[in-house]
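Participant: Mind having a look at this structure? Questions to follow.
The values are calculated or read from the model by the stated rules, or taken from the named source; none is laboratory data. As the structure is a computational prediction, the values presented were derived from the model and not from experiment. We place every Cβ from the backbone using ideal geometry, glycine too, and count neighbours over all the protein chains shown.
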Amino acid sequence: MLKRLRENKSLQGTLLVSPTLLWMIVLLIIPLLLTLVVSFGTRDADGGVIYGFSFHNYVRLIGISNDCPDGQAICYNPLYAEILWRSLSLAFNTTVLVILLAYPLAYFIARAHPKRRNTFLMLVLVPLWTNFVIRVYAWMMLLREQGVINGVLGWIAARLGLPFEPLEMLYTPGAVLVGMVYEFLPFMILPIFTSLEKIDNSLYEAAADLGANPIRTFQRVTLPLSMPGVVAGTILVFIPVMGTFIVSDLLGGKQVILVGNLIQNQFLSARDPTFGSAASLLLMIMTLIVTYFYTRKFGFGEEIVAA
Amino acid sequence: MNPHRRHPFIRITAFLVYVFLYAPVFILVLYAFNASRINILFEGFIPSFGPLQTDGSLVTQSPCGPFHWFCELSRNREVGLAARNTLTIAFISTLVSTLIGTMAAIAIQRYNFRLKAFSQISLYIPIVIPEIVMGIGILILFSQLFGLLNGAFGLEGDARLSMGLGTVIVSHIAFSVPFVTLVVQARLAGFDKSFEEAAMDLGANELVTFWRVTLPMILPGVLSGALLAFTLSLDDFVITFFTTGPGATTLPIYVYGLLRRIITPQVNALSTVWIAIVLAAVLLLQRLQAREAK
Amino acid sequence: MNAEYAVEFRDVVKSFRTPEGTHINAVDNVSLHIRNGEFFSLLGSSGCGKTTSLRMIAGFEWPTSGEVYVEGKAMGHTPPFQRPVNTVFQNYALFQHMNVFSNLAFGLEMEKAPRAEIEKRVQHVLEMVKLTGMERRLPRQLSGGQQQRIALARALIKLPNVLLLDEPLGALDLKLRKEMQVELKAIQQKVGITFVYVTHDQEEALSMSDRIAVMSQGVVKQIGTPIEIYERPSNRFVADFIGESNFLEGTVKSNEGERASVFVPSLNAELIGLNTGNVSVGEKAILSIRPEKIRLADKKVMNTNCIEGTVTNTTYIGSDTHVYLDVNGMQFKVFEQNKISSLDPQAYYTRGQKVWLSLFPENTLVLAEK
């Protein structure tokens, strides 16, 4: 028996991978399939599922509803489409802002003295290792009407003798954006740093030797070579932002509802798992589509993930 | 000779970003010493040690002095339970996911088998979809499954199958394994098979070879993967949110619950303790790394 | 050791699947035998199948068909750790996380040898490779040459009956390589173990081996002692691969015992040579003459096998001059030792110079055209 195992390489491989494969099938593939099945069902009175085959959830998501004013039979309800759009644009804006903030810092660390580089990196990672929820809470404290920022501004205004109205920062889309940027900034710093660090010093020397000024060097040498890092970072930022609900829940309140909030809501208070499933699958498909086109254009950046 | 290094723009921006990263942390820690119970404005430090005295919403005296909220925290049963749960879940899920993830990485990197492509895709999916999709899926799975089993076997009361520590652990393993596999695979990619051949040539069978030669050489990668799995589990909110049940609360869930109710400086105290532990761990790791490098 | 041969291949074939999906025979029907205590080399350029053959003796690959015998026993699918052979790897494959002592002791630990014996044998083998005192070092703290010797010691400590060496000297610089060649040969003769040595370096093979198997594209072209291989190549490939040769094509006109007479159309002449290829009258043949065996003179010195040519180019390399000639449109190369020491370049043959080439029949080989 052992002899047969020894000779059959394919069998060895299958055996090694089987626990993991089993786990992924039971806890990923089957749940996704179930989600699909449930999304075609209808809600029953207790918030359970009546299995069936109907597209009504998806139709509702796109915006066609029969709950219309003026006695129209069918009309366009953009509510859910708005939610999807808001999530997409938030994810996009967050990613752009994060790149703008992360790149200089990553650059700074990459060009720093090797002995101090590790310290600078640790400084970036420490906030990351404190809890996600805690970090959001910190921003609540900062942005509240009686929060820190308003407190400081008010104090300055009082000193200058100017009138001051506390800024309403919490529970706005701006607050959610700030929160998202804060949460995911380290996830962009690290990959960009990794790809920048790999650039050999001699490349800069060669560029200078050939007559490139600092701006051109950046444009033609540094930036292209750091792209894998940017790509990896984008994937690490864009996808979670699409799905997070805590940040919008705590910092945006009822004003800012994203797809994540919608889904969470459906499974808890609204108790319509079928609609929630449809929304969840739509979210997944959207994410996969964006990721697909993005990596098609810019590559995978897997080498950065490894580091 | 890098033309950009000394450019003030870079340095200033870098500094500002660091300020941006740490200002909230600073505020968080500061407010852990807040004298005000409602914790909206910072009313200063608790001035004196002594038996508990309050003045409206301010705590003017406490047996622990300025560390009043930390003492409160230590007495908080719920936090203790949540902390214990969090660690238990993290340890078990790390152990299992590292074990099966390493095996899977070896399988994918070294062998060809029929389900290889399928395995690779299954491991890639959790990394590119939002956590909530996976969380929802698992919720549906368990709720339908338990509903079915409870009905079929007529389980009632305590015997009822429901969400709890078990479901959380199992789910954590599910989202950790892809990361472990990824990290170990990267480490294996550069591995030279001739070391294993040498061991076998000298008389070691496959198991001995793995134990004495392969494993020691890929250990750094395996440990990285384990560390990653541990971190992911400790910090997880979304998946835990959808798979937890009564008695199985973790720290992130607990904090979230608190935030939606009353916000006393206890939350800040908890945050500060968390930050302190992380800092200590990081410094320890640095010390260890420095020693190993010698 | 009661087996007739240390290693034997009988009709061994090893095929691999290419990325395109077809099959290629890395080893194509090889049969050979290696004698006990012999220093046997597998010589060829990369891709010829020599390493694959070695790996089949070690047990890292199994033959697709045919059988490999070690000490008379068929190896079949026996795994490497159950074979009485040991390997010295090309990249040494020293265990990086173990020190020298542990590396050397590893093989003996697998045999469950007692501690005291391990200590003794480690010391003994360190002495043999002249690295006493290095037990505590880690592989990365050793130089290339030292690592190579530890790799050798690690394999030798198990006293295998057959030692396999896969281009062990490839990574060393020239001087070190030459030193190691001498040392390896000395060790082999002292210990009396059969060495199977894989290399692409002709000089190495010729200087160290008792016998050589010349391989190309999975096939053994010739097996023989270094002298046999060099002086009596049995086919064009070997004649061309080992050292250098001049080739002429022709047809056999007559046969007389050892010698044969071949008509060469391109020279419009009949040349006499040794019929080592056993070619029959009327069949096509190839004449092969080594450059160092051709005599140049300014007049015809023999009746047969003497042809006139023009110098097209010369290369002075110190001890020799390489002369390139055109004979009736055919290119010849001749290596002549510089027995004169003149400072006048004209003394060493000049372009356009007319000379007579003497191709002595004992040095001219008649090979079958294949």
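Participant: Restricting to the range A:107-126, give me the number of residues that are buried (at least 17 other Cβ atoms within 10 Å of the Cβ) and among the charged types (D, E, K, R).
Facilitator: 1
Participant: Still on this structure, please answer the following. Any chance the range B:54-66 includes a residue that's under 26 Å from A:Val126 (Cα atoms) and surrounded by 16 or more Cβ atoms within 10 Å (Cβ to Cβ)?
Facilitator: Pass one, the range B:54-66, residues under 26 Å from A:Val126 (Cα atoms): B:66.
So of that shortlist, the ones also surrounded by 16 or more Cβ atoms within 10 Å (Cβ to Cβ) come out as B:66.
For the range B:54-66, residues under 26 Å from A:Val126 (Cα atoms) and surrounded by 16 or more Cβ atoms within 10 Å (Cβ to Cβ): present.
Participant: Is there a residue being more than 10 Å from every other protein chain (Cβ to nearest Cβ) and either over 25 Å from A:Leu190 (Cα atoms) or modelled with pLDDT of 85 or more (or both) anywhere in the range A:296-306? Even if it seems obvious, please write down each step before you answer.
Facilitator: Here is the first cut: in the range A:296-306, the ones more than 10 Å from every other protein chain (Cβ to nearest Cβ) are A:296-301, A:304.
Those still in the list that are either over 25 Å from A:Leu190 (Cα atoms) or modelled with pLDDT of 85 or more (or both) too: none.
So far as the range A:296-306 goes, no, none of its residues is more than 10 Å from every other protein chain (Cβ to nearest Cβ) and either over 25 Å from A:Leu190 (Cα atoms) or modelled with pLDDT of 85 or more (or both).
Participant: So, one more: Kindly provide the set of residues from the range C:322-358 that are crowded, with 18+ Cβ neighbours inside 10 Å and modelled with pLDDT under 90, ordered by number.
Facilitator: C:Tyr349
Participant: Give the residue, chosen from B:Gln266, B:Gln286, that is crowded, with 18+ Cβ neighbours inside 10 Å and of a type outside the set (Phe, Trp, Tyr).
Facilitator: Being crowded, with 18+ Cβ neighbours inside 10 Å and of a type outside the set (Phe, Trp, Tyr) holds for just one of B:Gln266, B:Gln286, which is B:Gln266.
Participant: Related question: Only one of these conditions is not met by B:Asp236: (1) in contact with a Phe, Trp or Tyr (Cβ under 8 Å, 6 or more places away or on another chain); (2) facing another protein chain (nearest Cβ under 7 Å). Which number is it?
Facilitator: (2)
Participant: Pick out, from the range C:105-212, the helices (runs of 4 or more DSSP H) lying fully within it that include 1 or more residues that are touching a Lys or Arg at 6+ places or on another chain (Cβ under 9 Å) and more than 17 Å from C:Phe89 (Cα to Cα).
Facilitator: Fully inside the range C:105-212 and qualifying: C:115-128, C:174-191, C:202-208.
Participant: Let me ask you something else. Just the residues that are among the small types (Gly, Ala, Ser) and facing chain A (nearest Cβ under 7 Å), please, taken from the range B:96-129.
Facilitator: B:Gly101, B:Ala104, B:Ala107, B:Ser119, B:Ser122
Participant: For the condition touching a strand residue (DSSP E or B) at 6+ places or on another chain (Cβ under 9 Å), modelled with pLDDT of 80 or more, surrounded by 13 or more Cβ atoms within 10 Å (Cβ to Cβ) and not aromatic (Phe, Trp, Tyr), what is the one hit in A:Ser65, A:Ser39, A:Ser54?
Facilitator: Exactly one of A:Ser65, A:Ser39, A:Ser54 is touching a strand residue (DSSP E or B) at 6+ places or on another chain (Cβ under 9 Å), modelled with pLDDT of 80 or more, surrounded by 13 or more Cβ atoms within 10 Å (Cβ to Cβ) and not aromatic (Phe, Trp, Tyr), namely A:Ser54.
Participant: Follow-up. Hey, does the range A:208-220 have a residue that's facing chain B (nearest Cβ under 9 Å), aliphatic (A, V, I, L, M) and either touching a Gly at 6+ places or on another chain (Cβ under 6 Å) or touching a residue at least 60 places away in the same chain (Cβ under 8 Å) (or both)?
Facilitator: There is no residue in the range A:208-220 that is facing chain B (nearest Cβ under 9 Å), aliphatic (A, V, I, L, M) and either touching a Gly at 6+ places or on another chain (Cβ under 6 Å) or touching a residue at least 60 places away in the same chain (Cβ under 8 Å) (or both).
Participant: Can you name the residue in the range B:4-42 that is under 23 Å from B:Ala276 (Cβ atoms) and in contact with a His (Cβ under 9 Å, 6 or more places away or on another chain) and, of all such residues, is nearest to the other protein chains (Cβ to nearest Cβ)?
Facilitator: Per the criteria, the residue is B:Phe33.
Participant: Looking for whichever is part of a helix (DSSP H, G or I), at pLDDT 85 or above, at negative phi and surrounded by fewer than 16 Cβ atoms within 10 Å (Cβ to Cβ) here; the options are A:Leu283, A:Leu288. Which one fits?
Facilitator: Being part of a helix (DSSP H, G or I), at pLDDT 85 or above, at negative phi and surrounded by fewer than 16 Cβ atoms within 10 Å (Cβ to Cβ) holds for just one of A:Leu283, A:Leu288, which is A:Leu288.
Participant: Being over 17 Å from the mean Cα position of the chain (by Cα) and of a type outside the set (Gly, Ala, Ser) is the filter here; which residues of the range B:160-180 pass it?
Facilitator: B:Arg160, B:Leu161, B:Met163, listed by residue number.
Participant: Looking only at the range B:160-213, filter to residues that are polar (S, T, N, Q) and without any contact (Cβ under 8 Å) to a residue 24 or more places away in the chain; which one of those is farthest from the other protein chains (Cβ to nearest Cβ)?
Facilitator: If we take residues in the range B:160-213 being polar (S, T, N, Q) and without any contact (Cβ under 8 Å) to a residue 24 or more places away in the chain, then B:Thr209 is farthest from the other protein chains (Cβ to nearest Cβ).
Participant: Filter the range B:242-258 for residues that are in a loop (DSSP other than H, G, I, E, B), buried (at least 20 other Cβ atoms within 10 Å of the Cβ) and not polar (S, T, N, Q) and give the result.
Facilitator: Selection gives B:Ala248 alone.
Participant: Quick one: which strands (runs of 3 or more DSSP E) sit completely within the range C:1-86 and have at least 1 residues that are of a type in the set (D, E, K, R)?
Facilitator: Where strands (runs of 3 or more DSSP E) fall fully within the range C:1-86 and carry at least 1 residues being of a type in the set (D, E, K, R), they are C:7-17, C:23-34, C:65-70.
Participant: Restricting to the range B:1-22, and then to whatever is loosely packed, with under 15 Cβ neighbours inside 10 Å and part of a loop (DSSP other than H, G, I, E, B), can you tell me which residue is modelled with the lowest pLDDT?
Facilitator: Applying the filter and picking the extreme gives B:Met1.
Participant: Looking at A:Pro104, is it facing another protein chain (nearest Cβ under 8 Å), without any contact (Cβ under 8 Å) to a residue 12 or more places away in the chain, surrounded by 20 or more Cβ atoms within 10 Å (Cβ to Cβ) and part of a helix (DSSP H, G or I)?
Facilitator: yes
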